[in-house]
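Engineer: Handing you this structure, nothing more for now.
The values are calculated or read from the model by the stated rules, or taken from the named source; none is laboratory data. The structure displayed is predicted, hence computed values, not measured ones. Note that we place each Cβ from the backbone using ideal geometry, even for glycine, and neighbour counts take in every protein chain shown. Heavy atoms of the whole protein, side chains included, go into the accessibility calculation; ligands, DNA and RNA do not. Shrake-Rupley method; radii C 1.70, N 1.55, O 1.52, S 1.80 Å.
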Amino acid sequence: MTEIRTPRLLLRRWLDDDLVPLSEIHADPVVMQRVPDGSPRSLEQTAEDIEAWEEEWDEEGFGVFAVELLGSGELAGAVGLSVADAPAEISGQIAINWRLGRVFWGQGYASEAAHATLEFAVQDRGLDRVVAVCRLDDRASANVLDKLGMQREGAARHPDHDHGLAVYGIDLTQYQ
């Protein structure tokens with residue numbers, strides 16, 4: 001089982017007990033406003049997400065981690081790597097993404113988890129490039145991307161939902 005420990009977090013594969021807490025995060029419209037269509041997700045859709053993430057682990061050797069707080073064992077959200085399918089500007093490339101419950105915002109967890117994920121990408125999986133997208137108006141995610149050392153490479157439109165996206169990338173051969 002792949003696990004990464006940071007000073008405050010445990011990044012790990014998904015457990016059956018994670019479904020309900022993640023579905024509660026997915027049910028929050030404020031959390032979900034920054035994901036593709038901006039809609040909250042049901043328990044069934046959340047189960048499908050976890051299943052897809054686990055399949056990607058099996059097929060690609062990387063995927064989306066569950067993010068657990070070391071102190072309390074609470075599920076804070078998800079962070080990880082996936083093969084991007086949209087927008088076309090990054091399709092087929094490996095993208096980093098995250099989603100945390102609102103009560104965990106503003107505490108540096110996203111940056112801590114994303115940094116550990118990039119280290120995993122380069123050290124454990126030998127990846128040389130990772131991309132990311134965020135909505136143009138999502139300053140918090142852009143700040144995390146800046147902290148990771150990712151560079152803005154352009155803009156795109158989401159093909160299904162037509163909102164503007166900032167496109168970022170990082171050359172992991174130079175990652176510290």
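Engineer: Anything in segment 8-39 that is at pLDDT below 95 and surrounded by fewer than 18 Cβ atoms within 10 Å (Cβ to Cβ)? List them, or say none.
Structural biologist: Of everything in segment 8-39, those that are at pLDDT below 95 and surrounded by fewer than 18 Cβ atoms within 10 Å (Cβ to Cβ) turn out to be 29, 30, 32, 33, 34, 35, 36, 37, 38, 39.
Engineer: Sort out which residues of segment 89-109 are under 24 Å from residue 157 (Cα atoms), touching a helix residue (DSSP H, G or I) at 6+ places or on another chain (Cβ under 8 Å) and not charged (D, E, K, R), and write them in order of number.
Structural biologist: 94, 96, 98, 100
Here is a yes/no grid of residues against (1) modelled with pLDDT of 95 or more; (2) of a type in the set (A, V, I, L, M, F, W, C); (3) more than 19 Å from residue 15 (Cβ to Cβ):
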position	(1), (2), (3)
71	no, no, no
78	yes, yes, no
84	no, yes, yes
91	no, no, yes
94	yes, yes, yes
100	yes, yes, no
103	yes, yes, yes
115	yes, no, yes
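Engineer: Please determine, by comparing only the residues of segment 61-110 that are of a type in the set (Phe, Trp, Tyr) and free of Cβ contacts under 8 Å to residues at least 60 places away in the same chain, which one is most open to solvent (accessible area, probe 1.4 Å).
Structural biologist: That would be 105.
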